[in-house]
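Worksheet: the structure to be examined is printed underneath.
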Amino acid sequence: MAAAHDKPEPAPAPPSREGGKGEKNEVASSVDMHETLVEASTKNQLHRHLGNRQIQLIAIGGSIGTALFVSIGGGLARGGPGNLLLGYTIYAVMVGLVNNCMAEMVTYMPVSGSFIRMAGRWVDEALGFMAGWNFFLYEACLIPFEISAINLVLGFWRDDIPPIAICFACIILYALINIVAVQYFGEAEFWLASGKIILICILYMFTLVTMCGGNPQHDAYGFRYWSSPGSFAEYLHEGALGRFEGFLAAIYSAGFTVVGPEYLAMVAGEAEHPRKYLKDGFKTVYWRFAVFFIGGALCVGIVLPYDDMTLRNADTGTANGSPYVIAMQNLGVGVLPHIVNALMITSIFSAGNAYTYCAMRSLYGLACDGQAPRIFQKTLKNGIPVYAFCLVMVFPFLSFLQVSNNTAQVVTWLATLTQGSQMINYIVVSLTYIFFYNATQAQGIDRRTLPYYGYLQPYCGYIAMVWMILIEATFGYSVFLPGNWNVGNFFAFYTMALVAFCTYWGWKLFRRTQFVPAAQADLVWEKPAIDAYEAGLIDQPTRLRDDLLAMIRGKKKQQNYLGEDPN
């Protein structure tokens, strides 16, 4: 990998067109140079075996989990339907600005470790160190969160299922799925994430049909709950202040629910046609936010009043705390709650599977840049970072905390602990983009020639960064209110902010790192190897619908590489 002051590696020479033996020799030489570049870039590294449909569904699988179907009820109970819709819309727009930043960087330089390593290369090595460990801990701690949530959802049917059995089953399945070659992980995630899309379609149809009177009570309730009990709930205080705090609660609920661009970025090092497929994926993030998150907030506010007493279970994440399940039971719908609950389990399992994947790749990226022990850079022949896998699989055992503690309490701990990490991720992305933008300006690179051109830049980066800093600083404000101080709650809200502060300044002082000047930022880096890889692909990028049709027809995927695949 080139350092900031190194000259770019020369691209493979084009073959001669003069014909004859000399042409054949030069063509062979060109192919040899090409394969040498790619083999050098793939030695002891991840393999690019993820196709378009797998990438798109992995992005959906990682971004849609327990929060959209269950925890969103807590935002409704605190804020009311109006605040919930407003809060989710605003937060989705802000994460959309982050996506605009991330898309431009990741499609230009689709490397393993993605924005984590970019932060270290283009901003400050200490920032990359902090970002990597923050993202790793965030993803790793979400694995036991999802396992605990599965136990809670299973409680909808019966409460005598041993939690330890569910924990062991999930750990074994996550291990098996993530230790095989990445294309098999992609297939598993494709089918699991497909269940989420089916679930969302069912819930949206349930909302539309029942609000128009298609329910056992023949009650066309429409938007009744927006007027009674009302659109804006009071939270913590009464009056205008209480309604504003309800709005803040909806914003913070969205902060745990509205995610996605980072999961797409983390597959950059294993994507076929990375620039094309990732560009398509980032462009779909905007409509996914509108359909899944903003649409979900609207539906939840329609089917259930915010003062429904059963909603208090939503704060603990229990299955019957899902606003949709509560609404179905209130309306006397029989079989559908069981179908929704079953699909919810696959949805939660899929999210945990995606977190396992991302935690492994973030640790691998840290090792590639010397910010984690080099042993975590070791990969198997199938491209799986084996020692990173071993460390990540330790974290799911935190789910055994529910054996000796209340399961819902464990879920609450983990959810609160990880929420701050998510906002730190977006702060890092926005700041990295600002430095990247300045580097392109200083080095005379026309951003319109990049694979993805982000409009309204660098303003999107500045707005997103300021917003996320404000949310990170205030989302635990309630602990500072008179009579609310609690040391445990304080650390639950701000532990990850303290960890980020310590890891950044600790690495900065230890290594005496400096901010990277815009004119010296390494915008070449792994670009020659990636260009060479893409030049060697023998087929054209496919569209998602074409991939789906090929899968339905049982068409076998052809070899997609010039010569022998070095992977």
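Computed quantities for the displayed model
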quantity	calculated
Rounded, prolate or oblate (a/c below 1.5 giving rounded, otherwise prolate when a/b exceeds b/c) for the range 327-471 by Cα gyration tensor	oblate
Rough spin-label spacing in nm, given labels placed 7 Å along Cα→Cβ, for Trp287 and Gln217	3.6
Derived scalar couplings ³J(HN,Hα) [the range 442-448; Karplus, 6.51 cos²θ - 1.76 cosθ + 1.60; whole Hz; x for Gly, Pro]	5, 9, x, 8, 7, 5, 5
Ranked order, Asp308, Asp446 - accessible area, probe 1.4 Å, largest first	Asp446, Asp308
Computed Rg/Rh of the range 213-285, alpha carbon atoms with Kirkwood Rh	1.27
The range 202-296, accessible area per residue, ligands and nucleic acids excluded (1.4 Å, Å²)	38
Accessible-area composition of the range 453-547, carbon plus sulfur, in percent [1.4 Å probe]	68
Pairwise centroid distance, computed over Cα atoms, of the range 503-536 with the range 334-368, Å	31
Accessible area per residue in Å² at 1.4 Å probe, computed on the range 94-161	17
Ordering of 114-121, 292-299, 256-263, 163-170 by packing [mean C-beta count within 10 Å, highest first]	114-121, 256-263, 292-299, 163-170
Simple Cβ-charge dipole of the range 220-294, Lys/Arg +1 and Asp/Glu -1, about Cα centre, in debye nearest 20	360
Extension gain (nm, one decimal) between Ala473 and Ile161, 0.36 nm per residue minus Cα-Cα	108.3 nm
Phi-based couplings in Hz for the range 289-301 (Karplus 6.51, -1.76, 1.60; Gly and Pro marked x)	4, 5, 6, 7, 8, 5, x, x, 5, 5, 5, 4, x
When the range 257-377 is reduced to its Cα atoms, the Kirkwood hydrodynamic radius in Å	17.5
J(HN,Hα) series, the range 363-378, from Karplus relation 6.51 cos²θ - 1.76 cosθ + 1.60, nearest Hz, glycine and proline x	5, 4, x, 4, 5, 4, 9, x, 9, 9, x, 4, 4, 6, 8, 5
Separation in nanometres of the label points that stand 7 Å from Cα toward Cβ, at Tyr204 and Tyr462	3.6
Length released on extending from Leu509 to Asn484, taking residue separation times 0.36 nm less the Cα-Cα span	5.4 nm
Contour excess over end-to-end distance, with Cα ends at Leu380 and Trp191 and 0.36 nm allotted per residue	65.5 nm
Share of carbon and sulfur in the accessible heavy-atom surface of the range 339-378 [1.4 Å probe, %]	69
Residue order for Glu534, Glu472, Glu234 - accessible surface, 1.4 angstrom probe, largest first	Glu234, Glu534, Glu472
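The values are calculated or read from the model by the stated rules, or taken from the named source; none is laboratory data. A quick note: this is a predicted structure, and the numbers were derived from the prediction, not measured. Cβ coordinates were reconstructed from backbone atoms using ideal geometry, including for glycine residues, and neighbour counts include every protein chain displayed. To get the accessible areas, we keep the full protein, side chains included, count just its heavy atoms, and leave off ligands, DNA and RNA. Shrake-Rupley method; radii C 1.70, N 1.55, O 1.52, S 1.80 Å.
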